[in-house]
1. Restricting the search to the stretch B:162-186, which residues are part of a helix (DSSP H, G or I) and of a type outside the set (A, V, I, L, M)?
2. Could you check B:LEU362 against (1) open to solvent by 30 Å² or more (accessible area, probe 1.4 Å); (2) in contact (Cβ under 8 Å) with a residue 12 or more places away in the chain; (3) hydrophobic (A, V, I, L, M, F, W, C) and say which number it fails?
3. State all residues of the stretch B:392-408 that are open to solvent by less than 60 Å² (accessible area, probe 1.4 Å) and more than 16 Å from B:ALA160 (Cβ to Cβ); if no residue qualifies, say none.
4. For the structure I just gave you, tell me whether A:VAL282 is open to solvent by less than 20 Å² (accessible area, probe 1.4 Å) and in contact (Cβ under 8 Å) with a residue 24 or more places away in the chain.
5. Within the stretch B:187-231, how many residues turn out to be part of a loop (DSSP other than H, G, I, E, B), under 30 Å from B:SER27 (Cβ atoms) and among the hydrophobic types (A, V, I, L, M, F, W, C)?
6. Which helices (runs of 4 or more DSSP H) sit wholly inside the stretch B:1-67 and have at least 2 residues that are within 26 Å of B:PHE197 (Cα to Cα) and in contact with a Leu (Cβ under 7 Å, 6 or more places away or on another chain)?
7. Which of (1) more than 30 Å from A:SER13 (Cβ to Cβ); (2) of a type in the set (A, V, I, L, M, F, W, C); (3) open to solvent by less than 30 Å² (accessible area, probe 1.4 Å) is the odd one out, the single condition A:PHE318 does not satisfy?
8. Contact list please: Cβ distance under 7 Å, first residue in the stretch B:216-232 and closer than 17 Å to B:CYS418 by Cβ, second residue open to solvent by 50 Å² or more (accessible area, probe 1.4 Å), pairs at least six apart or on different chains.
Amino acid sequence: MADLSTIFLGIRSPNPFWLASAPPTDRKTNVLRAFRAGWGGVVWKTLGEEGPPVVNVSGPRYGAIHGPDRRLMGFNNIELITDRPLEVNLREIAEVKKLYPDRALVASVMVPCDEDSWRAILPRVEATGCDGVELNFGCPHGMSERGMGSAVGQVPDYIEMVARWCKAFTRLPVIVKLTPNITDIRHPARAAKRGGADAVSLINTINSIVSVDLDRMAPAPHVGGRGTHGGYCGPAVKPIALSMTSEIARDPATRGLPISAIGGITTWRDAAEFIALGAGTVQVCTAAMTYGFKVVEEMVSGLSTWMDAKGYRSIEDFRGMAVPNVTDWQYLDLNYVAKAHIDQDLCISCGRCHIACEDTSHQAITATVDGRRKFVVKDEDCVGCNLCVEICPVENCITLEHRTVGDDPRTGRPYAQPYANWTTHPNNPGAVREAAE
Amino acid sequence: MASITTDGVTGGRLTAEDYARNFGDLSPPLTRHEALVEAERCYFCYDAPCVQSCPTGIDVPLFIRQIAKGNPLGAAETILSANIMGGMCARVCPTEQLCEEACVREHAEGKPVRIGLLQRHATDAMMAASAASGTHPFGRAPASGRSVAVVGAGPAGLAAAHRLATLGHAVTVYDARPKGGGLNEYGIAAYKAAGGFAQAELDFILGVGGIRLEPGVRLGADVTLDGLRAEHDAVFLGLGLGGANALAGADAQSNVVDALGFIEGLRQAADKAAVPVGRRVVVIGGGMTAVDAAVQSRRLGAEEVTIAYRRGVADMKASGWERDLAKTEGVVIRPWMNPAGFEARDGRVSAALFDHRGPDGLGEPERVALPADLVLLAIGQTYAGAPGPEVLAFDGGRIRVDAERRTTLPGVWAGGDCVAGGSDLTVSAVEDGKRAALAIDAHLRHVTPGLKGAA
């Protein structure tokens, strides 16, 4: 039986599945239910400074994109940070940590971007006995208009500055939560590291309008007929989060910086993928908000079963293993040739591969053979683009086959060629200039 | 008070609630959510096999995608532009032998997209919207100044009339019966067209305008083909099959009746409790009419109902779905039963006799008597009446037509069950009517007005 326990910045948790800072971790009663359900840790929903709590709208805060059968694919929200008094949250954090000393309990914090505000709150947070703090530099709505959240996260200098303050004002590990609403995630990550942050977590939610109500002619959700952009999350954002995670994991400036990955993690496989790209823990929110806390059982069981099958005894055994295989386009092998192949026994003759290739790609799949409805790849036209593989409704019916023997009828060149990439390709002006110098 | 065990032929065997339930909708419509989920199962195939297998060539993937994306009225337009009786066909088509059999999901997992129910979902939405707004989805071309006579207000005739009307022609539909609709109104099981659907669809079709329905007018008696040819620029014959096949000895028997007449009586009865049925019913035949008659006999409260068919089960024209329906309703299907006469008691039939040739049809014939107080004959219909072979050419007892549904008589087209080579399905009749209308339209546009009846 694989050991799923993690030690992240010295914070121990029985499994890598933490609940992200969000409504599920807003209060003691929820967090206790989560721990009873088996979650390894939580990041307590973002605390604000002392004084009047923030005010949320009393109306729709969520919008969604649905798939068939109303599966929730993407989700956005216009929630703000906690609207409960700071003292209540701090008291409950302390109570929960006492009841569950074996679980990770990290407090998310967001206060104005001045030194005194951070100096005032951090000792009080530390006094709860929690395991760490996460600086919320991510929320794209509401708080950002007040100079917090993503307004800070979009300015690397601010990230560095606040991280440095926090490291000075608390002994707790400091995690910087990054906003994806920037052009290059590496810059805020590098800033966090420069400021002394112990880790980054990402992604926070993405600026979004999930839909427009065509009757009201207003973005949904709308409050009294008017709407605003919200933060996008859920399964739909996972590819973006994976990419950003990989960028930080392989950037020489941040390589080795611990990462707590967030973004559309819905199943054990999603978690394994983020861990393979270097994440030490994963944070989940939308899946729990969609299905309840019980989903962690599937995640724990699935990850454990998969690790056993692969012979991984601990998370560290496979963590980051996919990072070396993430590269830039220019290093891809331009001499690698693959062609699609359709398994006629599995083919149900829907013809989608044909029309997709015919209308939008390379006209490389037949519709008829000898006058009969039949879909066969034409090697002389196939560039191995994978479109047919991805749109075929039958799993494994169409596969890409790596060719190494014989000649490519499309190019006339032998399939077997030594590795060669764009950096040395004759069509690359950069390569030519380099050779000339 | 009669019950299911009352001997003889009588009505009132069940409670009022039983009758209401038994003659309500056989397959309830999909809810909106069910329709969306089912529609999402469609793969939107290229050159889709379901389209190929639909006699009217409805663009099935397109209309299903329209449903899936929240546009049922657009879906209905897609359906109705190919098949104006898409609503009835959604209810009565043997989809398991047509579009759904061809569905790649049937091939992949033995569970086709439920195309028929989706078609009903869309067409019901259109019928409701049309009825609510008093509008019709199809407009009419400018008046052509031409008129066409359509004889027979069944599926073929109405499809022809509707298409001709949209093309700008003035159409007069003559039908011998008091109501239009043909088999849809008179010959289909009540639970397949519940809620007065046949009449509603007729109203919807006539809603396009430019169609005058003349019921109670019989060709050969009240009007003549020559008269129609003289009066109109073209004639379409959608006559159906008026005659029932004869079975030796049946005429002499009391309570041995034509199944279509039985179904008609049932369809037209305001109170199903008033429709008499036997305690033991034997239906002779193997097609859809046999199943409709047998199942409805059960639903009227017959205690024992048997379908006796002269060949094997696999030879039956009734589809597997129909046969399963019969079995689920408690009807016994007995193959290899060759009709051999009747027994009577007190002047009424008491048993139907058969020569039974064993479970595989290969044995020596053995005389079997199936006790019956009502025998329904569903052994097929024949063409009857005018015009006859002296006027136009026939093949196998039905009117000969070419690919454009043109008869051998100039200016006269025909379609539906009365023509040779058809499959005796509503959907095929609709296609005949549609094709004939297009051919008539092309013909009229190439003929100088004033030469009525000229070919």
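1. Residues satisfying the conditions are B:HIS162, B:ARG163, B:THR166, B:ASN184, B:GLU185, B:TYR186.
2. (2)
3. Residues satisfying the conditions are B:LEU392, B:ALA393, B:PHE394, B:GLY397, B:ARG398.
4. yes
5. Qualifying residue count, the stretch B:187-231: 5.
6. Qualifying helices (runs of 4 or more DSSP H): B:32-40.
7. (1)
8. Close Cβ pairs satisfying both conditions: B:GLY220/B:GLY385; B:LEU225/B:VAL391.
The values are calculated or read from the model by the stated rules, or taken from the named source; none is laboratory data. Every value quoted in this text rests on a predicted model; they were computed, and no experiment measured them. Cβ sites come from the backbone with ideal geometry, for glycine too, and all protein chains shown count toward neighbours. For the accessible areas, the whole protein counts, side chains as well, though only heavy atoms, and no ligand, DNA or RNA atoms are used. Shrake-Rupley method; radii C 1.70, N 1.55, O 1.52, S 1.80 Å.
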